[in-house]
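One structure is given below, encoded as structure tokens.
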Amino acid sequence: MAEQVRPMQYQEEERFKFDPYAHAVTAITEPHRMTHDGFMYNASSGGIAVADGATLDVIFALAAGVFAHVILVEFGIDDGPGLVELYENVVTSDDGTTVLTKNHNRVGTPSDPATVVTHTPTITDVGDVLHQRYIPDPGGSGNQSLGNVFSGEDQEWVLGGENKYLWRLTNNSGGAINAGVHFNFYEIGYTVNHREEFDNLSGS
């Protein structure tokens, strides 16, 4: 019987997975992997005028069976203070203007997300507040300079399927501002309860 030998291309692939200095298998983060697999998306918009005391609202409308893992939330504003809030179970009569949303993987034919991101919707019920984040006045000691004020998240939000979520920026600066939005998210659809699946596999 002829000896089975893996083709050189596979041997090279396995070699590059191993770090000869750390003596360990090279690994990448889940968001990095989602980018390579074509499931990482970016939604962005800039230069949206927001009057004093007014809000900039961004809707994430999710499809059934799809979960959006939002790993970056950024509101860039040219003056503060401001307040960023996240709401769940939002009801709209009109979802507003579509936010430019693109796949991070530009190889081949990039897919579009099932999640629809819009701004300036008509909201009839804001739903339930999940999170608040204060953006300080940039003029304070040690605060960020004008043109570089932002609110971001340091952990991902996993948004449930067939629901609407609202990110709301309230301008409390005392004057009109311009605001930009920047979101990174990837999508995974869950068809089973993973805890129950693990228990069944482990026999517990």
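Every number in this text was worked out from the coordinates using simple rules, so none of it is lab data. Note that the structure is a prediction, hence the values are computed from the model and not measured. Cβ: placed from backbone, ideal geometry, glycine included. Neighbour counts: every protein chain shown.
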Taking a label point 7 Å from the Cα of ILE188 along Cα-to-Cβ, the residues of the stretch 67-109 whose backbone nitrogen sits under 11 Å from it are 67-69
For ASN171, net neighbour charge (Lys/Arg +1, Asp/Glu -1) across residues whose Cβ lies under 9 Å away:
-2
Within the under-11-Å Cβ sphere about ALA43, not counting ALA43, Lys/Arg +1 and Asp/Glu -1 give a net charge of 0
Formal net charge of residues neighbouring GLY160 (Cβ-Cβ distance under 14 Å; K, R +1; D, E -1):
-4
Test item: Cα-centred dipole of the stretch 38-190, Lys/Arg +1 and Asp/Glu -1 on Cβ, debye:
360 debye
